[in-house]
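Below is one structure, written out as structure tokens, with a few remarks after it.
The values are calculated or read from the model by the stated rules, or taken from the named source; none is laboratory data. What you see is a predicted model; the values in this text were computed from it and never measured. No Cβ is skipped: glycine too gets one built from the backbone with ideal geometry, and neighbour counts run over all protein chains shown. For the accessible areas, the whole protein counts, side chains as well, though only heavy atoms, and no ligand, DNA or RNA atoms are used. Shrake-Rupley method; radii C 1.70, N 1.55, O 1.52, S 1.80 Å.
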Amino acid sequence: MSVLAERIAALVRAHGPLDVGRFMLLCAAHREGYYGRGPEFGVEGDFVTAPELSQIFGELLGLACIAHWRASGRPQAIRLVELGPGSGTLLFDLWRALATDPACRAAVRSVELVEASAALRERQRQRLSGLPLVFHSAVDQLPDDLPLLVIANEFFDALPMRQYVCTAEGLRERVVVVDAHGRLAFALHPHPLPKAALADPRLGDLAEGAVVELAPAREAVAAILAAKLRRAGGLALVIDYGYVDRPSGDTLQAVLRHARVDPLAHPGQADLSSHVDFRALATAARGEGIAVYGPIAQATFLERLGIRLRLSRLCARASPEQARRLEQGVARLVDPAHMGELFRVLALVAPQDPVPPGFVAGEMWR
Ligand code: SAH
């Protein structure tokens, strides 16, 4: 058993079953947890994210930042924010693209990073040396004195979510226990949820055996971010894999060296995540009085931002081998069989701001 598996088993023995959300949080943020230990991202690591696949991803987000800055009246001072910057690659590419509009880049007073992992902060500091970095461990610490341009790629999927299973006795929470062999196992909480807890419409009218996932921690982050955007002005682009409407289903997944594994088998060694409920994020954000656009497919978003043009420009001055790699990277970003359709983009926009880049007016959430 890993160090963290022992710790979690001890915790369960002392305090009783853990809900899936607390299990996810321990596996991610604990010193011995996945992000706490400072994982590698990309082919060398356990999973590949869009910025690790292609430099064009971060560059296009940089161009989107410039476009939004211009369309919102070229504010003299803004703050650039990234939630969960990983290895820092996305921001590295984004910052280089910002140089194409020196006035926009000069307006960036600070680059605010929300990162819980000390090991990853160190890596981000090295990768992004020279940028005016400020670190936070949670979204509520972000300033809201100046307009914000926020990027969150594969951040929300890593935040905790909880699972409920519909049984003949009512809804019971899925929890982590220690089995007779001393191993971590899933079980159902002995007591069904009280009636008062069932006010959420997502918990009504379910077939027996159905699994519902609720992520109050993710919704809270979306609401906090939205409230900051309302006060400060600006835009947040949330890019993640997920759905708008999904009747039920268990989407908890663990990935170790590019393969799906049992979520309980490698605590702290495998990356745990689950599909993001975009309707829930949009509803939480709109509740704070801001506009929400999308979600639209990542492929659509990147095509509209000019991924083809950028690719052909880069290929024109690349070696045949480099050009092949650039083309492969772009194909994986936009191909429906890879990330193109599963990954989606949701935009949270301050009420005083224009339609965000990559979206059209009709995509506003009503
Ligand atoms: N955006 C990066 C990395 C995604 S991995 C990329 O696209 O490559 C998820 C990131 O979110 C990591 O940096 C991780 O340390 C951070 N993270 C996960 N849970 C977090 C939490 N609860 N609070 C703050 N950061 C968290």
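At-a-glance table
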quantity: Arg37-Ala187 pseudo-label distance in nm [points 7 Å out on the Cα-to-Cβ vector]; calculated: 2.7
quantity: Positive minus negative residues near Leu188 (Lys, Arg vs Asp, Glu; Cβ under 14 Å); calculated: -3
quantity: Accessible surface ranking that places the most exposed of Glu40, Glu219 first, with a 1.4 angstrom probe; calculated: Glu40, Glu219
quantity: Once the Cα gyration tensor of the chain is diagonalised, semi-axes √(5λ) in Å; calculated: 35, 24, 20
quantity: At R0 = 41 Å, FRET efficiency that the Cβ-Cβ distance of Arg13 and Arg127 yields, to 0.05; calculated: 0.50
quantity: Extension gain (nm, one decimal) between Arg22 and Val134, 0.36 nm per residue minus Cα-Cα; calculated: 37.6 nm
quantity: Cα convex hull of the stretch 95-135, projected area averaged across orientations, nm²; calculated: 2.9
quantity: Over the stretch 43-161 - Rg/Rh using Cα atoms and the Kirkwood inverse-distance radius; calculated: 0.95
quantity: Surface accessible to a 1.4 Å probe, Leu142 within the full protein complex, Å²; calculated: 10
quantity: Enclosed volume per residue, in Å³, of the convex hull spanned by Cα atoms of the stretch 28-72; calculated: 88
quantity: Full-stretch length increase - Ala323, Asp262 - with 0.36 nm per residue and alpha-carbon distance subtracted; calculated: 18.2 nm
quantity: Gained length - Arg246 relative to Ala180, 0.36 nm times residue gap less alpha-carbon distance; calculated: 20.3 nm
quantity: DSSP bridge pairs, the chain: antiparallel proportion in percent, nearest 5; calculated: 60
quantity: Estimated FRET transfer efficiency when R0 is 25 angstrom, pair Ala99-Ala331 (beta carbons, to 0.05); calculated: 0.40
quantity: Lys195 paired with Arg231, simple spin-label distance in nm, labels 7 Å along Cα-to-beta-carbon; calculated: 4.1
quantity: Student exercise, the stretch 313-366 dipole from Lys, Arg, Asp, Glu Cβ charges, in Debye to nearest 20; calculated: 160
quantity: Span-rule helices in the chain, defined as complete DSSP H runs reaching 30 Å or more along the axis (Cα) with Kyte mean at least 1.0; calculated: none
quantity: Å² per residue, accessible surface of the chain at 1.4 Å; calculated: 43
quantity: The chain - mean residue ellipticity at 222 nm from DSSP helices (-39,500 (n - 2.57) per run, n ≥ 4, rounded to 500); calculated: -10500 deg cm²/dmol
quantity: For Asp140, solvent-accessible area (1.4 Å; no DNA, RNA or ligand), Å²; calculated: 90
quantity: Portion, in percent, of the accessible area of the chain that falls on carbon or sulfur, probe 1.4 Å; calculated: 52
